[in-house]
Amino acid sequence: MTGTATHCPYCALQCGMTLRSVGNGAGDADDAKLTVHPRDFPTNRGGLCVKGWTSAELLSSPHRLTTPLVRDNRGAPLRPASWEEALDRVAGELRDLRRDHGPASVAMFGGGGLTNEKAYQLGKFARVALRTPHIDYNGRFCMSSAAAAGLRAFGLDRGLPFPLSDLATADAVLLAGSNLAETMPPVMRHITEQRERGGALIVIDPRSTPSAAHATLHLQPSPGTDLALANGLLHLVIAQGYLDEDYVAERTSGFDAVRRIVSGYWPERVERITGVPVPALREAAGILGQASTALVLTGRGAEQHSKGTDTVAALINLALALGLPGRPGSGYGCITGQGNGQGGREHGQKADQLPGYRRIDDPAARAHVAAVWGIDPDDLPGPGRSAYELLDGLGTPDGPRGLLVFGSNPVISAPNARHVSERLDSLDLLVVADLVLSETAERADVVLPSAQWAEEDGTTTNLEGRVIRRRRALDPPPGVRTDLEILAGLAERLGVPGFSPRPVEVFDELRRASAGGAADYAGISYERIDATDGVFWPCPTEQHPGTPRMFLRSFATPDGRARFSPVRHRAVAEETDAEYPIYLTTGRVLAHYQSGAQTRLIDALVKASPDAFVEMAPDLAIRLGLADGELVRVVSRRGTATGRATVTEAIRPDTVFMPFHWGGDGRANSLTNPALDPTSKMPEFKVCAVRLEKA
Ligand code: SF4
C-alpha cells in the first residue's frame with residue numbers, strides 16, 4: 001500500500017509524511033480515515049512530532065464544520081445555510097459596503113499556514129475583486145522583523161538561505177530566541193549530529209528550555225535585551241581578534257559605524273543590561289570566533305519586539321563580522337514558524353506587497369503584475385495597513401467595516417486580544433472561512449467551512465525556501481469547499497473573472513506573476529517538485545536547478561555587498577514598575593500549534609497539554625504565596641489571564657512565561673502589548689509588564 005506522499009499541516013519544518021487510508025475502498029467510513037506515516041525527507045529525516053503524528057485525526061473530527069453558518073442579525077445565533085445563501089449574502093454585503101463607503105471599507109486577513117496558491121489568490125482577490133488596499137496576515141505577527149532585517153542587510157529575505165542540513169556540519173550554532181527542541185523536535189536530529197561531531201551550540205533564551213538543555217552554553221538574558229547582548233558579543237569578537245577583516249572589506253559596507261557603536265558595549269556594561277555574566281559573554285565570543293563554520297539563527301524570541309528588526313540586525317552584524325553569510329556551511333538564518341511562513345510572505349497577502357516579493361509601490365512591479373492580472377496598473381490599490389493597525393482600525397470612522405478572514409484566528413493570536421475582539425464585534429460584516437468554529441468564527445456573521453490540508457492540492461515553501469507539494473489524499477466531506485473554490489464563488493458573484501478554483505492553474509499564474517521578482521517561481525512546476533525533494537527559489541526557468549544556497553558570490557543589494565546596520569539597545573516598550581513588577585514573556589508548547597484552534601480538538605494533544613499555565617521561579621512563587629498547580633491571575637494594563645502556576649528553576653525570577661494557545665480566561669494575548677516595531681510592524685509579544693494575584 002503506497003499512500004499519498006505529503007507534508008505535515010503545521011509548522012514550517014513541513015515534515016515529510018505519507019497518508020494511508022484505513023479503509024479498503026469499499027466506500028464505508030474507514031475510507032475517510034487516514035493514518036500518518038513519517039517519511040524520510042531532508043528536513044525531518046523520518047521524524048515527526050506529536051502534532052504531526054496526530055494531524056489526520058482532525059479530518060474526521062466531529063468538531064469540523066460541514067455547512068455554512070449565517071447570523072440573521074447581530075443578536076441572533078449562527079444557523080446552518082446553503083452555500084448559495086451564504087455566498088450571496090457575503091457578495092451582496094461586500095457590494096453594498098463598497099458602494100456606500102468605498103473600496104477601502106472592506107479588508108482581508110490571511111494566514112501564514114495557507115498554501116502559496118491561496119496566499120496568492122487572497123492578494124489578488126483583495127486588489128482585483130475588492131480593489132481594497134487593506135490585506136495583511138498573521139505572519140506579520142511571526143517573522144516579519146527577521147524579514148525586514150534580512151532585506152536591509154542582504155537585499156532579500158529568505159528564512160534560511162542554505163539547506164537545513166548545514167546545521168549538522170557547523171562547528172558552532174548560535175540559536176537566539178528559538179526553542180527548536182520543543183517547537184520543531186525533528187530538527188534536533190541535525191543538532192544531535194552536530195553535537196556528536198564536536199560542534200558547539202549556544203542558546204540565547206530567558207528560559208531554560210529543552211533546547212537550552214542541549215546547549216554547550218546557555219545565555220539567559222533579561223527579556224528584551226538581546227540587542228545589547230548581540231552588540232556585546234560583537235564588541236568581544238573585535239576585541240579578541242576574531243573579526244574577518246578580508247570578508248568585511250570585500251563583501252560588506254557600513255562596518256565603521258557599527259564598530260563605533262559596539263565599542264560602547266563593553267562586557268561589564270552588557271552584563272548590567274542583560275544579566276548575562278561576563279565570563280559567559282567571553283566564552284560565547286570565543287566559541288563563535290574560533291569556529292571554522294558557524295550559523296547564527298534567530299526565532300520569535302529575538303524578533304517579536306518593538307525593536308525586533310534592530311535586534312535581528314545586531315545579530316546579522318555579528319554574523320557579518322565573523323564572515324559567515326554567503327560562505328558554504330555558514331550563515332545567518334531565521335527559523336520560520338508557521339507552515340507556509342516563508343511562501344505566505346512572498347506572494348501578495350502582505351499590505352505592501354505584490355507576488356514574487358515585489359513592492360506594491362514599485363511602478364515596474366505594478367506594471368508586471370497588472371499585466372498578468374489583465375488590469376490597468378493605475379487600478380491597483382497602494383499599500384494598506386499592517387496586521388495590528390488593520391485590526392485596531394476595524395469599525396472606526398476611517399477603518400474597514402467589513403472583513404474576510406482566511407486561515408487565521410486573531411481573537412487568540414493577536415496582541416491586546418480583548419481590544420481586537422471588540423473591534424471585530426464593531427464590524428458591519430465579519431466573514432470567517434475555517435475548518436472548525438474557531439473563537440474568531442464564533443463572532444462572525446457568516447462562517448464558511450473550508451477543506452483541510454489533506455483534502456486539496458497545493459504548494460508550501462518550507463523554512464529553507466524549498467517549494468514542496470501538499471497532495472490531496474481524499475475528498476473533502478460533503479458540504480465543505482476549498483478556499484480557492486470559495487474565492488472563485490465570491491468573484492463570480494461580484495462579476496470579476498480570473499479566479500480559478502483549481503490549484504495547478506493558480507500556481508501557473510503565480511509563476512508568471514512572480515517571474516523576474518526576488519522570489520521567482522517561474523521555473524517551478526508541480527511536475528518538477530514531484531520529481532525531486534522540492535525546488536528552492538529563486539528558480540527563473542525550467543532549466544534552472546533552483547538555489548539551495550544564496551549569496552555565494554554577491555548579495556542582492558545594488559552594490560552586491562551586505563550592509564551592516566548601526567543599531568543601539570533601547571528599553572522595552574513597557575518597563576516593569578511598582579504596579580506591574582514582573583516581565584511576562586509568551587511562547588509555544590510542544591503539543592499545540594498557533595492559536596490551538598486545531599490542536600485543542602485532538603485528545604492526545606489536550607491530554608499532553610490541557611490548559612494555560614504560568615511558569616515562574618520558586619523565589620517568585622514563595623513571595624506570592626503560590627504553590628505549584630494553584631491558579632494564578634496575571635494582570636497587565638490591557639487585561640487579565642489565568643493559568644496554573646508551574647514552579648520551575650527554568651525561568652528568571654523577574655519573568656513569568658505563558659503559552660498563547662488558549663482562549664477564554666487562559667488567553668495570554670489578553671495581556672500582551674501591541675507596541676509595534678517601526679519597520680516590520682511586529683507587536684511586542686515577547687515582553688510586557690504584569691503583576692500576579694492568587695486566582
Ligand atoms: S508540527 Fe512541525 S515538527 Fe511537528 S511534525 Fe509537523 S512539521 Fe514536523
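None of the figures in this text is laboratory data; all of them are computed from the coordinates on show. All of these numbers come straight from a predicted model, not from anything done at the bench. Reconstructed Cβ throughout: ideal geometry from the backbone, glycine too, with neighbour counts over all protein chains shown.
Numbers for the structure displayed
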read-out: Estimated inter-spin distance, VAL22 and ARG570, nm [label 7 Å along Cα→Cβ]; value: 5.5
read-out: Per-pair calculated FRET efficiency, R0 = 41 Å: ARG95 and THR532 via Cβ, rounded to 0.05; value: 0.35
read-out: Order of MET658, MET143 - criterion: other Cβ atoms within 10 Å of each residue's Cβ, fewest first; value: MET658, MET143
read-out: Residues CYS15, CYS539, CYS334 arranged by fewest to most Cβ contacts within 10 Å; value: CYS539, CYS15, CYS334
read-out: Radius 12 Å from Cβ of ARG282, net charge of other residues (Lys, Arg +1; Asp, Glu -1); value: -3
read-out: Sparse-neighbourhood loop sites, GluC sites (Glu not before Pro) in segment 635-695 - DSSP loop, at most 12 other Cβ within 10 angstrom; value: GLU649
read-out: Cα gyration tensor category, rounded, prolate or oblate, for segment 390-432 with a/c compared to 1.5; value: oblate
read-out: Cβ-Cβ FRET estimate between THR216 and ALA239, R0 fixed at 25 Å, reported to 0.05; value: 0.70
read-out: For the chain, alpha-carbon Rg over 2.2 N^0.38 Å; value: 0.91
read-out: Around GLU57: net Lys/Arg minus Asp/Glu count, Cβ-Cβ under 13 Å; value: +4
read-out: Local electrostatic count, GLU182, Cβ distance below 15 Å [Lys/Arg +1, Asp/Glu -1]; value: +3
read-out: Percentage relative contact order, the chain, counting C-alpha pairs under 8 Å, at least six apart; value: 19
read-out: Net charge dipole size for segment 119-203 [Lys, Arg +1 and Asp, Glu -1 on Cβ; Debye, nearest 20]; value: 500
read-out: Rg followed by Dmax, in Å, when segment 64-145 is reduced to its Cα trace; value: 14.9, 42
read-out: MRE, 222 nm, helices only [DSSP H, n ≥ 4, -39500 (n - 2.57), over the chain, to nearest 500]; value: -8000 deg cm²/dmol
read-out: SER61/SER554 FRET efficiency (R0 56 Å; Cβ-Cβ; nearest 0.05); value: 0.65
read-out: Coarse-grained scattering of segment 558-635 at q = 0.12, 0.17, 0.26 Å⁻¹, given as base-10 log I(q)/I(0) from a Debye sum over alpha-carbon atoms; value: -0.63, -0.89, -1.25
read-out: Histogram of C-alpha separations across segment 503-549, 10 Å bin width, %; value: 31, 59, 10
read-out: Members of LYS33/LYS118; LYS33/LYS686; LYS607/LYS681; LYS33/LYS124; LYS350/LYS694; LYS51/LYS118 lying beyond 32 Å, as alpha-carbon distances in this model show; value: LYS33/LYS686; LYS607/LYS681; LYS33/LYS124; LYS350/LYS694
read-out: Point-charge dipole on Cβ atoms (K/R +1, D/E -1) for the chain, about Cα centre, debye to 20; value: 640
read-out: 3J(HN,Hα) from dihedral phi, segment 272-284, Karplus parametrisation 6.51/-1.76/1.60, rounded to Hz, x for glycine, proline; value: 5, 6, 9, x, 8, x, 4, x, 5, 4, 5, 5, 5
